[in-house]
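First the structure, in the form of C-alpha cells, and then the observations on it.
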Amino acid sequence: MSRIEVSFMHDRGLIFDAEDYLKLRFECRIVGNLIGVPVSHPRNVNQQGMPVALSKWELKLLLDHQIIRLVDQNSALQRAPTDEESCLYASMVERQKEELRLPAIEKRLEAFRKHLPKIIEGKRKKLLKTGMKEEDIHLDADQLVNEERERIMKEKFDEMLQIPLKYPLAIDFSECSLDLHAEETVKYRIFEALWKQGGFITTGDAFGCDFLLYPGDPMYFHASHMVHVLKDGTSQRLDAKYLIRVCRLSVVVNKLCVLAYIDESTNEVQFETIEWEGNASSKGDTF
C-alpha cells in the first residue's frame, strides 16, 4: 500500500488532500485538526476546512506504522516557477474555466427548451404580421436550439476560479524524520497505548488535559475520558491538590478522569481512572 504524503511545514504536518485525510480518519482513527476555511462557506467562522494539521503524536504514530511519509517541499515551493510550469498551470486554469462554462450554457439551454413552444409560437406570429403565408413558415426546433447555443457560446460569463488547495504540479521533495524530546516521548508512548485500545483520540487543550478519548468519531460522539499525562510518575500521582484539581475538572465537564504514566519499575504505560466520591459508581475506582 502506498504511503500518504504529509507536508512538514512550520514544525507541523499538514494534509492538503481531502481523500488522504478521510482515509486516515476512517481507517486509522486519526482526527487531526482542521485549520482552514470551508470552500462552500468561506466567511463562516464556526466551521473549519482543509488543510488538516496533525499533532506530533499522530505524526509519530503514522510514521512508526509506515502509513505516511513526511516530506519537506519548502524549498521547491519557495522558488519561482519555470516557464513550462507556468504554461501548464495556465492550461489547467483555462480547462477549469471551460468546465465551469459548460454547465452554465446547458442550464441556459434547458430554460430555452422549456419555453421552446411559446418561442416558436411567438416567431410564427411575427412572421405572419410581416405578410408571410402560414404554409411558407417552417420553424425547426433543433435549428432554433443550435442557434441559441451559438449565441450563448459567444457571451461572456462571470467566472469563479477556485484556487487549488493541494499544489497541482509535481515538485521535488525530500523525506524528513520526526524527533521527540524526553517529555514528548512519554506523551507519545501514552498516545500510542490509547490508540491501540481503539476509539478516537484528540488533544485536550480546550479541556485542560493532555488527551480526550472518544468512543467513536468526534463528529458523532462526545468525549468520555480526559487523560492527564504524569511526567513525574509516582510523586505527581500522590499530590493531593493535583488529584483534587483534575477530579473536580472532570466532574465539571462530565467526563471520567484518567491518569497515565510510565511505571518506573517496569517501564510500561499504566492507566488509573479516578472519580470524585459523590460521582463514584460500583464499576469505577473511588478516590
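The values are calculated or read from the model by the stated rules, or taken from the named source; none is laboratory data. The model shown is predicted, which means the values in this text are computed figures rather than measured ones. Glycine gets a Cβ as well: all are built from the backbone with ideal geometry, and neighbour counts include every protein chain shown. Heavy atoms of the whole protein, side chains included, go into the accessibility calculation; ligands, DNA and RNA do not. Shrake-Rupley method; radii C 1.70, N 1.55, O 1.52, S 1.80 Å.
Summary table below
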read-out: Subset of segment 38-64 (residues that are touching a residue at least 12 places away in the same chain (Cβ under 8 Å) and not in a helix (DSSP H, G or I)); value: VAL39, GLN48, GLY49, MET50, PRO51, VAL52, ALA53, LEU54, SER55
read-out: Residue check, LEU139 in a loop (DSSP other than H, G, I, E, B), under 30 Å from ARG79 (Cα atoms) and either in contact with a Ser or Thr (Cβ under 9 Å, 6 or more places away or on another chain) or of a type outside the set (Phe, Trp, Tyr) (or both); value: no
read-out: Selection from segment 131-145 of residues that are at pLDDT 85 or above and open to solvent by 80 Å² or more (accessible area, probe 1.4 Å); value: ASP142, GLN143
read-out: Matching residues, segment 145-188, being of a type in the set (S, T, N, Q) and without any contact (Cβ under 8 Å) to a residue 24 or more places away in the chain; value: ASN146, THR185
read-out: Checking ASP232 against (1) at pLDDT 90 or above; (2) not in a strand (DSSP E or B), the condition it does not meet; value: (1)
read-out: Hey, ILE30 β-branched (Val, Ile, Thr) and at pLDDT below 95 or not; value: no
read-out: Conditions (1) within 21 Å of LEU230 (Cβ to Cβ); (2) in contact with a helix residue (DSSP H, G or I) (Cβ under 8 Å, 6 or more places away or on another chain); number of the one not met by ALA141; value: (1)
read-out: Positions within segment 69-86 being open to solvent by less than 60 Å² (accessible area, probe 1.4 Å), aliphatic (A, V, I, L, M) and under 22 Å from the mean Cα position of the chain (by Cα), in sequence order; value: LEU70, VAL71
read-out: Flag for ILE152 being in contact with a Lys or Arg (Cβ under 6 Å, 6 or more places away or on another chain) and outside any loop (DSSP other than H, G, I, E, B); value: yes
read-out: Yes/no for ASP179 being part of a loop (DSSP other than H, G, I, E, B), open to solvent by 30 Å² or more (accessible area, probe 1.4 Å) and either modelled with pLDDT under 95 or not hydroxyl-bearing (Ser, Thr, Tyr) (or both); value: yes
read-out: Pair list, Cβ under 6 Å, 6 or more apart: segment 216-229 residue over 13 Å from ASN254 (Cα atoms), other residue in a strand (DSSP E or B) and of a type in the set (Ser, Thr, Tyr); value: PHE221/TYR214
read-out: Single unsatisfied condition, ARG29 versus (1) of a type outside the set (A, V, I, L, M); (2) surrounded by fewer than 13 Cβ atoms within 10 Å (Cβ to Cβ); (3) on the phi > 0 side of the Ramachandran plot; value: (2)
read-out: In segment 187-211, the residues that are farther than 21 Å from GLU27 by Cβ, open to solvent by 40 Å² or more (accessible area, probe 1.4 Å) and either within 21 Å of the chain's Cα centre (by Cα) or not aromatic (Phe, Trp, Tyr) (or both); value: LYS187, ARG189, ASP205, ALA206, GLY208
read-out: Meets criteria (outside any helix (DSSP H, G or I) and not basic (Lys, Arg)) for LEU70; value: yes
read-out: Which listed residue is in contact with a Leu (Cβ under 6 Å, 6 or more places away or on another chain) and in a helix (DSSP H, G or I), from ILE105, ILE120; value: ILE120
read-out: For TYR167: the one exception among (1) open to solvent by less than 100 Å² (accessible area, probe 1.4 Å); (2) outside any loop (DSSP other than H, G, I, E, B); value: (2)
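To keep it simple, each residue is scored yes or no on (1) touching a strand residue (DSSP E or B) at 6+ places or on another chain (Cβ under 8 Å); (2) open to solvent by 60 Å² or more (accessible area, probe 1.4 Å); (3) among the aliphatic types (A, V, I, L, M); (4) in the same structural domain as ILE201 (by the TED database).
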position: ASN44; (1), (2), (3), (4): no, no, no, no
position: ILE67; (1), (2), (3), (4): yes, no, yes, no
position: PHE112; (1), (2), (3), (4): no, no, no, no
position: HIS115; (1), (2), (3), (4): no, yes, no, no
